[in-house]
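A.B. asks: Okay, handing you the structure first.
The values are calculated or read from the model by the stated rules, or taken from the named source; none is laboratory data. Worth saying up front: this structure is predicted, and the values here are computed from it rather than measured. Neighbour counts run over all protein chains shown; Cβ positions are idealised from the backbone, glycine included. Side chains are part of the model used for accessible areas, which takes the heavy atoms of the whole protein and leaves out ligands, DNA and RNA. Shrake-Rupley method; radii C 1.70, N 1.55, O 1.52, S 1.80 Å.
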Amino acid sequence: MSEEELEVAVPTLGEDLKTLVKARLNLFVIITTFFGYAIACRGGGWEFWTLLHLIIGTTACAFGSAVFNQLSEVDSDALMKRTANRPLPSRRMGIVPAFVIGWGLCAFGIVHLWSMVGSTPGWIAAATIVVYVFIYTPMKKWSSTNTLVGAIPGALPPLIGWTAGGGGLDEAGGWYLFALLFLWQLPHFVAINWLCREEYELAGYKMWSNGDVSGKRSVGLAVAFSVGLGVLSAAVIPLGLASWPFVILGLLLAAMLVATGQRFLRSGERVHFRKFFLATLLYLPLVLVALLIFWRV
């Protein structure tokens, strides 16, 4: 490869910053926060400026926590092919500038939410950062239950949106959204863990999929969690949260995940577990849109 080609291959500062804050991954945080707000306002009461400040504050918190996550995992990221070219392990960016960026984003996000949206969204966002950065991130090195703990901060953004839209923490709706996001992450991350298990093992991370060469244990977990999503879909009826069309769609989507997982069990081919992972990406936006449509005001 020529020097010119090498120069082109080096990410720009803008690309490094996007990687540092995990912009693509955190798009899910923004989306789920929005849906939490939209569902809470289902009966009316949408406020453009509240929603705007909610997205700004939540995005800043998510970006900041991503920076601190990478600051904590520089050495591990350097061992994995898919993360070695990130700005910190590649040494294109220093620790101190990254720390300043992370601290500034987290501080701004929390203060912005607290002052412009409400104290409850503010402290939930702060709790999300604490659990993600100080509990989940180090836990990845010593316990495979880190996936369960990591699902907690991943499930809090819709609760931030719910409270910003006027929903209370004493109402079932917000906690249903939390449960939905918590449970969805489990099959989603089991798939990621298995697909990347060699690199995770090399980096010293303790994951459910470690040592599972055949993938049978991992896909068994993924299918079990997918069945749980189907059960959770049906729970909206006794809770009085949504109507039967949501239940039907939720069950069909959960059945799609189960069927995709069983296809891998029959074939054992990596491509089918990747299809399961892609199916989890399809599941979330569809179920959130359905919940918004069929939510009982």
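A.B. asks: If contacts are Cα pairs under 8 angstrom and at least 6 residues apart, what is the relative contact order of region 147-232 in percent?
C.D. replies: Value for region 147-232: 28 percent.
A.B. asks: A further question follows. So what is the orientation-averaged projected area of region 40-111, using the convex hull of its C-alpha atoms, in nm²?
C.D. replies: Seen from a random direction, the Cα hull of region 40-111 projects 6.3 nm² on average.
A.B. asks: I want the local charge near Thr260. Using Cβ-Cβ distances under 13 Å, sum +1 for each Lys or Arg and -1 for each Asp or Glu among the other residues.
C.D. replies: +3
A.B. asks: State the answer as a single residue: which of Ala107, Gly154, Thr137 lies farthest towards the positive end of the charge dipole of region 30-156, with beta carbon charges of +1 for Lys and Arg and -1 for Asp and Glu, about the Cα centre.
C.D. replies: Selected residue: Thr137.
A.B. asks: Do the sum for the chain: with -39,500 (n - 2.57) for every DSSP H run of n ≥ 4, divided by all residues, what is the mean residue ellipticity at 222 nm, to the nearest 500 deg cm²/dmol?
C.D. replies: Result for the chain: -23500 deg cm²/dmol, rounded to the nearest 500.
A.B. asks: Starting from a Cα-only point model with no solvent, please compute log10 I(q)/I(0) by Debye for the chain at q = 0.06, 0.12, 0.13, 0.16 1/Å.
C.D. replies: Rounded to two decimals, the profile gives -0.21, -0.83, -0.97, -1.33.
A.B. asks: Which whole-Hz couplings ³J(HN,Hα) result when phi for each residue of region 41-55 is put into the Karplus expression 6.51 cos²θ - 1.76 cosθ + 1.60, θ = phi - 60°, listed in order with x for Gly and Pro?
C.D. replies: Values, residue by residue: 9, 3, x, x, x, 4, 10, 4, 5, 5, 5, 4, 5, 4, 5 Hz.
A.B. asks: How far apart, in nanometres, would the label points at Trp46 and Ala84 be if each is projected 7 angstrom from Cα along the Cα-to-Cβ direction?
C.D. replies: Placing both labels 7 Å beyond Cα along the Cβ direction yields 4.8 nm.
A.B. asks: When the chain is fully extended, how far beyond the present Cα-Cα distance does Val227 get from Glu201, taking 0.36 nm per residue of separation?
C.D. replies: 6.6 nm
A.B. asks: Sticking with this one: Quote the charge dipole size of the chain about the Cα centre in Debye, to the nearest 20; the model charges only the Cβ of Lys and Arg (+1) and of Asp and Glu (-1).
C.D. replies: Here the chain has a charge dipole of around 760 debye.
A.B. asks: Let me ask you something else. Normalising by the residue count of region 241-297, find the relative contact order in percent from Cα pairs under 8 Å and 6+ residues apart.
C.D. replies: Relative contact order of region 241-297: 56 percent.
A.B. asks: Next up: Label Leu278 and Phe134 with points 7 Å out from Cα along Cα→Cβ: what is the distance between them in nm?
C.D. replies: Spacing of the two 7 Å Cα→Cβ label points: 4.1 nm.
A.B. asks: Hey, another quick one. To the nearest 0.05, how large is the calculated FRET efficiency for Ser115 and Arg217 if R₀ is 45 Å and r is the Cβ-Cβ distance?
C.D. replies: 0.40
A.B. asks: So how long is each side of region 137-235 along the principal axes, counting just the alpha-carbon atoms, biggest first, in Å?
C.D. replies: Rounded to whole Å, the extents work out to 46, 30, 16 Å.
A.B. asks: Could you sort the peptides 64-73, 46-55 by per-residue average Cβ neighbour count (10 Å cutoff), highest mean leading?
C.D. replies: For the peptides 64-73, 46-55, the packing ranking is 64-73, 46-55.
A.B. asks: With the crude spin-label approximation of a point 7 Å out along Cα→Cβ, what separation in nm comes out for Thr145 versus Gln262?
C.D. replies: Calculated label separation equals 3.2 nm.
A.B. asks: Per residue of region 202-209, what does 6.51 cos²θ - 1.76 cosθ + 1.60 with θ = phi - 60° give for ³J(HN,Hα)? Whole Hz please, x for Gly and Pro, Karplus curve as stated.
C.D. replies: Each residue's phi maps through the Karplus curve to give 4, 7, x, 7, 9, 10, 4, 8 Hz.
A.B. asks: Ignoring ligands, DNA and RNA, what accessible area per residue does region 182-288 give at 1.4 Å, in Å²?
C.D. replies: 42
A.B. asks: Next question, about the same structure. Give me the number: length gained by fully extending Leu239 to Leu25, i.e. 0.36 nm times residue separation minus the C-alpha to C-alpha distance, one decimal in nm.
C.D. replies: That pair, Leu239 and Leu25, stretches by 73.9 nm at full extension.
A.B. asks: Quick one: with all protein chains in place, what share of the accessible area of region 210-259 is carbon or sulfur, to the nearest percent (1.4 Å probe)?
C.D. replies: 81
A.B. asks: Compute the Cα gyration tensor for region 87-169, then decide on rounded, prolate or oblate, letting a ≥ b ≥ c be the square roots of its eigenvalues: rounded whenever a/c is under 1.5, prolate when a/b is larger than b/c in the other cases, and oblate in all that remain.
C.D. replies: oblate
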